[in-house]
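So the structure is just underneath, and the comments pick up after that.
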Amino acid sequence: MELQGKRIALGVTGGIAAYKAAELVRLLIKQGASVQVAMTEAATHFVTPVTFQALSGKPVFTDQWDPRIANNMAHIDLSREADVLLVAPASADFLAKVAHGLADDLLTTLVLARDCPLLVAPAMNRQMWENPATRRNIATLCNDGVTLLGPGCGDQACGESGLGRMIEPEEIIAVLIAHFQPKLLAGKRVLITAGPTFEAIDPVRGITNLSSGKMGYAIARAASEAGAEVTLVSGPVSLPCPHDVSRIDVSSARQMRDAVLHRVANSDVFVAVAAVADYRPAKPAGQKIKKDGSAPAAIELVQNPDILADVAALPNPPLCVGFAAESEKLQEYAEKKRRAKKIPLIVGNLIHQGFGGDNNTLILFDDDGQHPLPPAPKIELARQLVARIAILLEKR
Ligand code: PMT
């Protein structure tokens with residue numbers, strides 16, 4: 001329920017992607033938002049108002065002269081109570097009208113009379129998107145402070161392929177949730193490691209661990225929501241990359257270290273969430289080890305570089321945040337790691353809670369002492385960690 005209590009005015013314009021707006025309304029309601037739908041006349045040719053009425057639980061408006069609004073002020077009343085006006089899909093024609101300040105139907109008058117942010121999710125044929133007129137209109141809208149969601153790239157209803165698809169309803173929800181988060185890290189660059197590493201024994205076998213990447217990905221999402229430019233260096237996991245986050249996929253600890261050291265110079269914050277293998281096989285076999293008795297009796301291991309310690313030891317390091325997953329004596333071991341790696345903040349969690357699940361319990365250890373974060377979904381904890389990081393950045 002990450003949009004609990006939020007009031008969304010949803011405009012739907014005419015385009016085949018209008019059918020996806022029905023799913024969008026369902027997801028908005030599921031996240032706790034209240035949704036007031038207004039459709040253009042063209043949109044009603046693709047999906048009927050009855051569909052949106054059933055999903056939103058509210059009457060749908062299509063006409064600025066709708067007699068249900070007693071004072072005939074639909075264009076003002078419908079958006080005045082909204083926290084945001086979201087238009088999805090937003091057709092080329094609608095965007096052109098808004099760019100030029102036209103108000104010749106209910107939705108465009110709503111846009112002009114609003115006193116809340118406007119977010120639009122364009123949807124059109126790729127040639128229409130690339131047309132110089134559309135480019136000019138989009139530039140005007142961005143200049144006017146309108147937030148653009150997409151468009152995405154891929155197959156289009158017309159049979160062509162390219163830029164112009166409406167982004168998926170789940171992505172729109174993620175952007176909306178981000179929209180309402182405080183911008184505590186605006187202008188900051190955050191580098192994060194997440195997931196396990198995989199250390200090869202032979203071409204098909206290796207040493208790894210049970211990190212799912214969920215904690216690190218949640219922190220990447222929370223930092224991005226807080227306005228940071230986020231780079232996520234990820235070990236092998238099966239998670240989608242959070243919206244607006246740039247992901248670099250790596251496998252081994254040494255690849256992770258190279259990827260981090262390559263990017264760290266520009267970073268304000270480094271958060272090491274990855275469960276990096278401390279050791280790797282000294283001599284991985286070039287070919288698959290056969291079950292014919294030729295396998296070595298033991299695998300010799302060598303120590304991996306410590307990425308976090310290396311970053312913290314740089315001449316001008318970013319604010320370094322480490323993680324410690326322990327099975328006992330969390331405070332003692334976490335503080336010991338914080339001192340050993342010479343970092344200002346370490347986040348302790350117990351292994352049976354931290355690894356794999358959607359929830360966690362954290363304790364933050366820094367120079368001010370301990371800050372326990374009670375059990376919660378990883379994304380909630382990640383937002384609280386981001387708030388603590390913002391405080392430490394202020395103090396630097
Ligand atoms: O991915 P999930 O399933 O959501 O699980 C999350 C998690 C439990 C993996 C995560 O919350 C966590 O605790 N990660 C750190 C695991 C750990 O205990 O790491 P460590 O004690 O080996 O290392 C301490 C710190 O040094 C960590 O920040 C680690 O990223 C870093 N490190 C460790 C070794 C190494 N070679 N390089 C490093 O950078």
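For this structure, a couple of remarks:
- Of all DSSP beta bridges confined to region 268-350, the antiparallel ones make up roughly 25%.
- For region 191-239, the ratio of Cα radius of gyration to the globular rule of thumb 2.2 N^0.38 Å stands at 1.33.
- The chain: angle of helix 18-30 to the longest principal axis, Cα-based, in degrees nearest 10: 60
- Remark: the chain carries 48 Å² of accessible area per residue (probe radius 1.4 Å; ligands, DNA and RNA excluded).
- In order along region 200-209, phi translates into HN-Hα couplings of 5, 9, 8, x, 10, 10, x, 9, 8, 8 Hz, rounded to whole numbers, per the Karplus curve 6.51 cos²θ - 1.76 cosθ + 1.60 with θ = phi - 60° and x for Gly and Pro.
- Between the amide H of residue 233 and those of 192, 193, 194, 248, distances stay under 5 Å, these residues lying 5 or more places away or on another chain, with hydrogens modeled in the peptide plane.
- For region 7-179, diffusion coefficient by Stokes-Einstein and Kirkwood Rh (Cα), 37 °C, 0.692 mPa s, µm²/s: 207
- Placing unit charges on each Cβ (+1 for Lys and Arg, -1 for Asp and Glu) gives the chain a dipole about its Cα centre, and among 295, 377, 392 the Cα reaching farthest toward its positive end belongs to 295.
- Computed 3J(HN,Hα) for region 335-342, one whole-Hz value per residue from the Karplus formula 6.51 cos²θ - 1.76 cosθ + 1.60 where θ = phi - 60°, is 4, 4, 5, 4, 5, 4, 8, 6, glycine and proline marked x.
- Seen against the Cα atoms of the chain and their longest principal axis, helix 169-179 is set at about 80 degrees.
- Per-residue SASA entry for residue 371, accessible area with 1.4 Å probe, Å² rounded to 10: 50
- Antiparallel content of DSSP bridges confined to region 189-395, in %, to 5: 35
- Taken about its Cα centre, region 189-395 carries a charge dipole of about 420 debye when Lys and Arg each add +1 at the Cβ and Asp and Glu each add -1 at the Cβ.
- Computed accessible area, residue 193, all protein chains, 1.4 angstrom probe, square angstrom: 0
- Per residue convex hull volume, Cα atoms of region 52-122, in Å³: 96
- Full extension of the chain between residue 303 and residue 48 yields a length gain of 85.4 nm, computed as 0.36 nm times the residue separation minus the alpha carbon distance.
- Length, then width, then depth: along the principal axes, the Cα atoms of region 189-395 run 60, 35, 34 Å.
- Within a Gaussian network of the chain (alpha carbon springs, distance under 10 Å), most fluctuating of 381, 373, 191: 373
- In plain terms, if you count all Cα to Cα distances in the chain and split them into 20 Å steps from zero, the share in each step is 25, 44, 27, 4, 0 percent.
- Which listed pairs, of 30/214; 30/329; 58/183; 183/395, have C-alpha distances above 29 Å, in listed order: 30/329; 58/183
- Beta bridges assigned by DSSP with both partners in the chain are antiparallel in approximately 30 percent of cases.
- A dipole drawn for the chain from +1 and -1 charges on Cβ atoms has a positive end, and of 197, 99, 270 the residue lying farthest that way is 197.
- Net dipole in debye of the chain [+1 Lys, Arg Cβ; -1 Asp, Glu Cβ; about Cα centre; nearest 20]: 960
- About its Cα centre, region 7-179 has a charge dipole of approximately 160 debye under the convention of +1 per Lys or Arg Cβ and -1 per Asp or Glu Cβ, with nothing else charged.
The values are calculated or read from the model by the stated rules, or taken from the named source; none is laboratory data. Just so you know, these numbers come straight off a predicted model, no measurement behind them. We place every Cβ from the backbone using ideal geometry, glycine too, and count neighbours over all the protein chains shown. Ligands, DNA and RNA are excluded from the accessible area calculation, which covers all protein heavy atoms including side chains. Shrake-Rupley method; radii C 1.70, N 1.55, O 1.52, S 1.80 Å.
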